[in-house]
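Student: One structure is given below, represented as structure tokens, and several questions about it will come after.
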Amino acid sequence: MKYQVVRNTKYDYTGQSYSSGYPNLHKYPATMLPQIGIDILKELNISDGRLLDPYCGSGSSFMSALECGLTEMYGFDINPLAILISKVKFTKISHDAIAKTKQELRENVFEFLKDEQNIKKLKNPTITNIDFWFSSAVIANLTVIKHFINDIKDENIKNFFMIPFSETVRDCSYTRNNEFKLYRMKNEDILNFSPDVIGVYFKKLTDTISYYEYYYLPRLQKKITVDLHYSSFRPKHEFFDVVLTSPPYGDSRTTVAYGQFSTLSNEWLGIDYARKIDGMLMGGTKSKTALSNGIIADYVAQITKTDNKRALEVSAFYNDLGSSIKQVAESVKMGGKAIYVVGNRTVKEVQLPTDQFIAERFEENGFKHIITYQRALSNKSMPCKNSPTNKAGKTVNTMMFEYIVVCEKVA
Ligand SMILES: C[S@@+](CC[C@H](N)C(=O)[O-])C[C@H]1O[C@@H](n2cnc3c(N)ncnc32)[C@H](O)[C@@H]1O
């Protein structure tokens, strides 16, 4: 192991989950425990400056930063649903404004539904294979709710009301809800499935309001800036003081399908490239040659022996991660820190040392590796077993640990 790894049980958080500290406002795959960010920022004595998360997902790094006193944060993610969740969590809206809008929305929706003919006046949304994923009753009710959410004038309040809407889309569709990928329920389950869409929405809205008002709003009293973009990271020369992020572990197709998880929500939110997102994420574009330099090259060579196609897919991911690290490194001020929380996935029974790759690439770009902590992984909502040979029934434990890689800009 070229870059030192220290097992640190302090970062295991045994028995704790995301929701025990900071409940998310919306489900999201492979979230980072905010507790990790809080403890590592404290350990490094970081309590001010500009924080960057180049793959921010649902925004746990911003919660960590906020808890440590930071007030200026910048986030990027290609997935619009991720940015929506992050935005809503860190935008201040008063209790009264939310309560008033909820009341109006309720009245509008129920008034409208009194006359069945009204629904015919609304245009159906553009959703791919809509009848495959939703019953006609569900489509009608979702369309009504969406229509009245769209009428909300204030953009921040509208976004807030979209969060439970997006969750309702997922829960009332024919998708199997305990999966990240888009799989349809069995036909026999569909026969017995007739969700009360309006009831589900208003229940979720009530829960979202409670979580927001209890966990988020009190932390938004001082002036904070959370600048969010639904795009890949755009470099800014020596601008950031600290980077705190949990990048993807591999390409979306073979690890966590962030795009697929979010497809129906994104389509209902009006994103016309919703079905293309997984291909746009890290490792989504095929590589023509296998990676042949640096720490990861020997591991890729081992995969090539059994499966050249997989070796090229793995190479594509590391090429993208490497290019992104170069841009991130360039954007950090001298003395600034980069903290990456990552898992080492296994492909074709070869465990890939992504933590070492990250340290190596930062060192190649003006940073010095400070420390890597190894933490036991028991909380992340991820598939921790997979079938690397793609043979049914043959599974191995892939990610028992996660790594917190810390580097500092020195040149
Ligand atoms: C492990 S998740 C981050 C989770 C986040 N820390 C949280 O707690 O919700 C990785 C994120 O990277 C995003 N992503 C993947 N490739 C990207 C890229 N090239 N640019 C920006 N974001 C990307 C995915 O959409 C996903 O939201």
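The values are calculated or read from the model by the stated rules, or taken from the named source; none is laboratory data. Not measured: the values here are computed from a predicted model. Quick reminder, even Gly has a Cβ in these numbers, built from the backbone with ideal geometry, and neighbours come from all protein chains shown. For the accessible areas, the whole protein counts, side chains as well, though only heavy atoms, and no ligand, DNA or RNA atoms are used. Shrake-Rupley method; radii C 1.70, N 1.55, O 1.52, S 1.80 Å.
Student: Go through the stretch 161-191 residue by residue and tally those that are of a type in the set (D, E, K, R), assigned to a helix (DSSP H, G or I) and either under 23 Å from Arg253 (Cβ atoms) or more than 16 Å from the chain's Cα centre (by Cα) (or both).
Tutor: At the first step, the residues of the stretch 161-191 found to be of a type in the set (D, E, K, R) are 167, 170-171, 176, 179, 181, 184, 186, 188-189.
Restricting the remaining residues to those that are assigned to a helix (DSSP H, G or I) gives 167, 170-171, 188-189.
Narrowing the set further to residues that are either under 23 Å from Arg253 (Cβ atoms) or more than 16 Å from the chain's Cα centre (by Cα) (or both) leaves 170-171, 188-189.
The total comes to 4.
Student: Let me ask something additional. More than 10 Å from the ligand (Cβ to nearest atom) and at positive phi: is that true of Glu238 in this structure? I'd like the intermediate steps shown before the answer.
Tutor: On the way: more than 10 Å from the ligand (Cβ to nearest atom): yes; at positive phi: yes.
So Glu238 passes the test.
Student: A follow-up question, please. In the list Gly37, Gly57, which residue meets the criterion of being surrounded by 22 or more Cβ atoms within 10 Å (Cβ to Cβ) and in contact with a strand residue (DSSP E or B) (Cβ under 8 Å, 6 or more places away or on another chain)? Explain how you work it out, then say what you get.
Tutor: Details: Gly57 fails: in contact with a strand residue (DSSP E or B) (Cβ under 8 Å, 6 or more places away or on another chain).
On inspection, the qualifying residue turns out to be Gly37.
Student: Of the numbered conditions (1) open to solvent by 10 Å² or more (accessible area, probe 1.4 Å); (2) within 15 Å of the ligand (Cβ to nearest atom), Thr354 fails exactly one; give the number of that condition.
Tutor: (1)
Student: Continuing with the same structure: Across the stretch 70-96, which residue is nearest to the ligand (Cβ to nearest atom) among those that are assigned to a loop (DSSP other than H, G, I, E, B) and open to solvent by 30 Å² or more (accessible area, probe 1.4 Å)?
Tutor: Taking the stretch 70-96 first, the residues assigned to a loop (DSSP other than H, G, I, E, B) are 70-71, 77-79, 90-94.
With open to solvent by 30 Å² or more (accessible area, probe 1.4 Å) added as a condition, the list becomes 71, 78, 91-92, 94.
Numbers: Thr71: 19, Ile78: 5, Thr91: 17, Lys92: 20, Ser94: 26 Å.
Looking at the filtered set, the residue picked out is Ile78.
Student: Within the stretch 231-244, identify whether any single residue is at pLDDT below 95 and open to solvent by 40 Å² or more (accessible area, probe 1.4 Å), and answer yes or no.
Tutor: In the first step, residues of the stretch 231-244 are kept if they are at pLDDT below 95; the result is none.
Scanning the stretch 231-244 turns up no residue that is at pLDDT below 95 and open to solvent by 40 Å² or more (accessible area, probe 1.4 Å).
Student: Being among the polar types (S, T, N, Q), part of a helix (DSSP H, G or I) and open to solvent by 20 Å² or more (accessible area, probe 1.4 Å) is the filter here, so list the residues in the stretch 130-160 that pass it. Let's see the steps before the verdict.
Tutor: Kept after step one, since they are among the polar types (S, T, N, Q), are these residues of the stretch 130-160: 135-136, 141, 143, 150, 156, 159.
Adding the requirement that they be part of a helix (DSSP H, G or I) leaves 136, 141, 143, 150, 156, 159.
Within the stretch 130-160, Ser136, Asn141, Asn150, Asn156, Asn159 meet the criteria.
Student: Now, a different point. Report yes if some residue within the stretch 196-205 is away from the ligand (no atom under 16 Å from the Cβ), charged (D, E, K, R) and within 23 Å of the chain's Cα centre (by Cα); otherwise report no. Before you say what the answer is, go through the steps one by one.
Tutor: From the stretch 196-205, those away from the ligand (no atom under 16 Å from the Cβ) are 196-205; that's our starting set.
Filter again for charged (D, E, K, R), leaving 196, 203-204.
This time we only want the ones that are within 23 Å of the chain's Cα centre (by Cα), so: 204.
The answer is yes, given that some residue of the stretch 196-205 is away from the ligand (no atom under 16 Å from the Cβ), charged (D, E, K, R) and within 23 Å of the chain's Cα centre (by Cα).
Student: Right, something else. Of the residues in the stretch 291-312, how many are in contact with a strand residue (DSSP E or B) (Cβ under 8 Å, 6 or more places away or on another chain), farther than 25 Å from Lys368 by Cα and not hydrophobic (A, V, I, L, M, F, W, C)? It would help to see each step written out before you state the result.
Tutor: Here is the first cut: in the stretch 291-312, the residues in contact with a strand residue (DSSP E or B) (Cβ under 8 Å, 6 or more places away or on another chain) are 299, 302-303, 310.
Narrowing further to those that are farther than 25 Å from Lys368 by Cα: 302-303, 310.
From what is left, the residues that are not hydrophobic (A, V, I, L, M, F, W, C) are 302, 310.
So the count comes out to 2.
Student: Another question, if that's okay. Which of the residues that make up the stretch 40-54 are near the ligand (Cβ under 9 Å from one of its atoms) and either open to solvent by 10 Å² or more (accessible area, probe 1.4 Å) or assigned to a loop (DSSP other than H, G, I, E, B) (or both)?
Tutor: First, pick out the residues of the stretch 40-54 that are near the ligand (Cβ under 9 Å from one of its atoms): 53-54.
Of everything in the stretch 40-54, just one residue is near the ligand (Cβ under 9 Å from one of its atoms) and either open to solvent by 10 Å² or more (accessible area, probe 1.4 Å) or assigned to a loop (DSSP other than H, G, I, E, B) (or both), namely Pro54.
Student: Something else about it: Looking at the stretch 265-277, which of its residues are buried (at least 22 other Cβ atoms within 10 Å of the Cβ) and more than 9 Å from the ligand (Cβ to nearest atom)? Spell out the reasoning first.
Tutor: Step one: filter the stretch 265-277 for residues buried (at least 22 other Cβ atoms within 10 Å of the Cβ), giving 265-266, 268, 274, 277.
Residues satisfying the conditions are Ser265, Asn266, Trp268, Ala274.
Student: Taking Thr285 and the conditions (1) closer than 21 Å to Tyr174 by Cα; (2) surrounded by fewer than 18 Cβ atoms within 10 Å (Cβ to Cβ), which numbered condition does it fall short on, given that it satisfies the others?
Tutor: (1)
Student: Going through the stretch 1-13 one residue at a time, which ones are open to solvent by 40 Å² or more (accessible area, probe 1.4 Å) and farther than 14 Å from Asp39 by Cα? Talk me through it step by step, then tell me what you get.
Tutor: Going through the stretch 1-13, the residues open to solvent by 40 Å² or more (accessible area, probe 1.4 Å) turn out to be 1-2, 4-7, 9-10.
Correct list: Met1, Lys2, Gln4, Val5, Val6, Arg7.
Student: Might you check whether a residue that is in contact (Cβ under 8 Å) with a residue 60 or more places away in the chain and within 15 Å of Phe202 (Cα to Cα) occurs anywhere in the stretch 116-130? Explain how you work it out, then say what you get.
Tutor: Taking the stretch 116-130 first, the residues in contact (Cβ under 8 Å) with a residue 60 or more places away in the chain are 125-128.
Next, only the ones that are within 15 Å of Phe202 (Cα to Cα) stay: none.
No, the stretch 116-130 contains no residue that is in contact (Cβ under 8 Å) with a residue 60 or more places away in the chain and within 15 Å of Phe202 (Cα to Cα).
Student: Sticking with this one: Any idea how many residues of the stretch 65-98 are more than 30 Å from Phe240 (Cβ to Cβ) and in contact (Cβ under 8 Å) with a residue 40 or more places away in the chain?
Tutor: Step one: of the stretch 65-98, the residues more than 30 Å from Phe240 (Cβ to Cβ) are 94-98.
Next cut, in contact (Cβ under 8 Å) with a residue 40 or more places away in the chain only: 95, 97-98.
Looking only at that region, the number is 3.
Student: Mind listing whichever residues of the stretch 14-25 are within 10 Å of the ligand (Cβ to nearest atom) and either in a helix (DSSP H, G or I) or open to solvent by less than 10 Å² (accessible area, probe 1.4 Å) (or both)?
Tutor: The answer is Tyr18, and nothing else.
Student: Mind checking whether some residue in the stretch 192-205 is assigned by TED's automatic domain parsing to the domain that holds Gly343, of a type in the set (D, E, K, R) and open to solvent by 20 Å² or more (accessible area, probe 1.4 Å)? Please lay out each step first, then the result.
Tutor: Here is the first cut: in the stretch 192-205, the ones assigned by TED's automatic domain parsing to the domain that holds Gly343 are none.
For the stretch 192-205, residues assigned by TED's automatic domain parsing to the domain that holds Gly343, of a type in the set (D, E, K, R) and open to solvent by 20 Å² or more (accessible area, probe 1.4 Å): absent.
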